[in-house]
Every structure is written in C-alpha cells, then in structure tokens.
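K.L.:
A single structure is presented below for examination.
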Amino acid sequence: SQTIHQWPATLVQPVGSPLSLECTVEGTSNPNLYWYRQAAGRGLQLLFYSVGIGQISSEVPQNLSASRPQDRQFILSSKKLLLSDSGFYLCAWSWNSPYEQYFGPGTRLTVT
Amino acid sequence: TQLLEQSPQFLSIQEGENLTVYCNSSSVFSSLQWYRQEPGEGPVLLVTVVTGGEVKKLKRLTFQFGDARKDSSLHITAAQPGDTGLYLCAGATGTASKLTFGTGTRLQVTL
C-alpha cells in the first residue's frame, strides 16, 4: 500500500530564516505530487505541483519554491520566511485522472 | 479561473439531524471528489463521482453529481459527533493534472 510522509510535523521559525519541508511517498512510482497551504479552518491553496522529476508548476507567485530531486520526493523551500508564510502545509500525491489525492499529515509552520 | 463555492460555510447541528452541503461552480468538471478533514490532519478522500447525475452512498452519506457536472451535494442522514470536520469538494478537469478545491464547509455535530 502507499504511504506519504511529511516532516517536520511542527516548526517555529523567525522571520527571514530559511525553510525546507520534505515530503516522500512510498509504494508507488511516478506519482503526481502537490504542495498546499491551508489557513486556519479554510480551504486549500495549491502552491506547486509536479508530474515528474524536475517538472514543477507554480500556482502562486511568492517567496516559496519547490523541487523534486527524486521520483517520490518533493521539497518546499524558502530563502527568507515572511510572517505571512505561517500556516498548515500539506503534501499530496495522485495518479492521473480522476486525480484523487492522498494527503500527508501536514506541517504546522509558525513564523515569528 | 475555476471556482468551487461551498455552502454553508459553517453548520452546527445536533446529533440525529440531517444536513446537506452544496458545492457549486460555473465550470464543468470531469470528476468531483469529496474530502473530510479533522483538525491538525490532512484531508481524507470520501468519494469520487464522474458521471452527470451519479449518486453514491457511503453508509449515512449520500453524494450526488449534478447532471451538467457543475455542482454536487453531500447529504448526511442522522448526523453523529464523529461526522464533525471540514468537508471539502474538489473538481478535476480533463486537461490539468490538478484539482480545484472548494471553499470548505465546517460541520459541528453536538450531543
């Protein structure tokens, strides 16, 4: 069966510090991978998605970036965090149509 | 830009009551999914509907896809406290490798 891991689970970082969140998927190959951000009690904002190694599509222009160095690894990064980067970050994977998505446990990021 | 509007945004009911959540768009989707999310966790897929007019039942939950594939509804019969959570609909188009998520409906079921 497939499993998806995210770490860390929680993170508190000062403004201006760098960020690296990691997501890995097990039990499947060549998945579509996604990064979302969720404000408290709200819907999901798609940040990046990838349909293959080195292929990254950005949905929202901001100071975040994503990379996919391996087939089942997806990394979300920032060089300098802003207060507005605080939120709940979710990684998900899917196969192709109908693109049913399976989410990781999330990372709670607080920028202070 | 495709938008999925959910209503109501928040619903507080007592155990045993029935409820319906709506998901509406002006866009046509090739499929539509419903997820439930509990606080501090990732959303969990409940169901996928792909055919206009399709109805799927999952125990006390009934999902319907509109005939024109622009809208969907989720009906819960005899709600229980375990149904509490954030319900999200999400639509897929045939050309993009991504979903459009709805604005979410927060359901609270009390004893």
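No value in this document is a laboratory result; all are computed from the given coordinates. A quick note: this is a predicted structure, and the numbers were derived from the prediction, not measured. Every residue, glycine as well, gets a Cβ built from its backbone with ideal geometry; the counts of neighbours run over all protein chains shown.
K.L.:
Taking θ = phi - 60°, what integer Hz values does the Karplus form 6.51 cos²θ - 1.76 cosθ + 1.60 yield along the stretch B:3-12, in sequence order, with x for Gly and Pro?
P.N.:
10, 10, 9, 10, 9, x, 6, 9, 9, 10
K.L.:
About the Cα centre, and with charges only on the beta carbon of Lys, Arg (+1) and Asp, Glu (-1), how big is the dipole of chain A? Nearest 20 debye, please.
P.N.:
Charge dipole of chain A: 280 debye, to the nearest 20.
K.L.:
Treat the count of other C-beta atoms within 10 Å as a stand-in for reagent exposure and order A:Val60, A:Val111, A:Val51 from fewest to most.
P.N.:
A:Val60, A:Val51, A:Val111
K.L.:
Now, a different point. Which three extents, in angstrom, do the Cα atoms of chain A have along their principal axes, listed largest first?
P.N.:
Taking the Cα atoms of chain A, the three principal extents are 38, 28, 21 Å.
K.L.:
Just need log10 I(q)/I(0) for the protein assembly as shown at q = 0.10, 0.11 Å⁻¹, Debye formula, equal scatterers on the alpha-carbon atoms, no solvent, rounded to two decimals.
P.N.:
After summing over all Cα pairs, the log10 values are -0.45, -0.55.
K.L.:
Per 0.36 nm of contour for each residue apart, how much would the distance between B:Leu3 and B:Arg60 grow if the chain were fully extended, relative to their Cα-Cα spacing?
P.N.:
17.7 nm
K.L.:
Along each of its three principal axes, how wide is the spread of alpha-carbon positions in the stretch B:52-111, in whole angstrom units, largest first?
P.N.:
Taking the Cα atoms of the stretch B:52-111, the three principal extents are 44, 21, 14 Å.
K.L.:
In whole Hz, what ³J(HN,Hα) sequence does the stretch A:48-53 give by Karplus (6.51, -1.76, 1.60; θ = phi - 60°), x for Gly and Pro?
P.N.:
9, 9, 9, 9, x, 4
K.L.:
Calculate, for B:Leu19 and A:Gln73, the FRET efficiency according to 1/(1 + (r/R0)^6) with r their C-beta to C-beta distance and R0 35 Å; round to the nearest 0.05.
P.N.:
According to the calculation, E is roughly 0.30.
K.L.:
Using +1 on the beta carbon of Lys and Arg, -1 on that of Asp and Glu, and nothing else charged, what's the dipole of chain B about the Cα centre, debye to 20?
P.N.:
Rounded to the nearest 20 debye, it is 240 debye.
K.L.:
Taking the Cα centre as origin and putting +1 on Lys and Arg beta-carbons and -1 on Asp and Glu beta-carbons, what dipole magnitude results for the protein assembly as shown, to the nearest 20 debye?
P.N.:
240
K.L.:
Continuing with the same structure: Hey, can you rank B:50-62, A:75-87 by average C-beta count inside 10 Å, highest first?
P.N.:
The most tightly packed comes first, giving A:75-87, B:50-62.
K.L.:
Explain nothing, just compute: Karplus ³J(HN,Hα) = 6.51 cos²θ - 1.76 cosθ + 1.60, θ = phi - 60°, for every residue of the stretch A:21-33 in order, whole Hz, x for Gly and Pro.
P.N.:
Karplus values, whole Hz, x for Gly and Pro: 10, 10, 9, 10, 10, 10, x, 8, 10, 6, x, 7, 10.
K.L.:
May I pose another question? Based on the alpha carbons, how large is the Rg to Rh ratio for chain B when Rh follows Kirkwood?
P.N.:
Here Rg/Rh amounts to 0.96.
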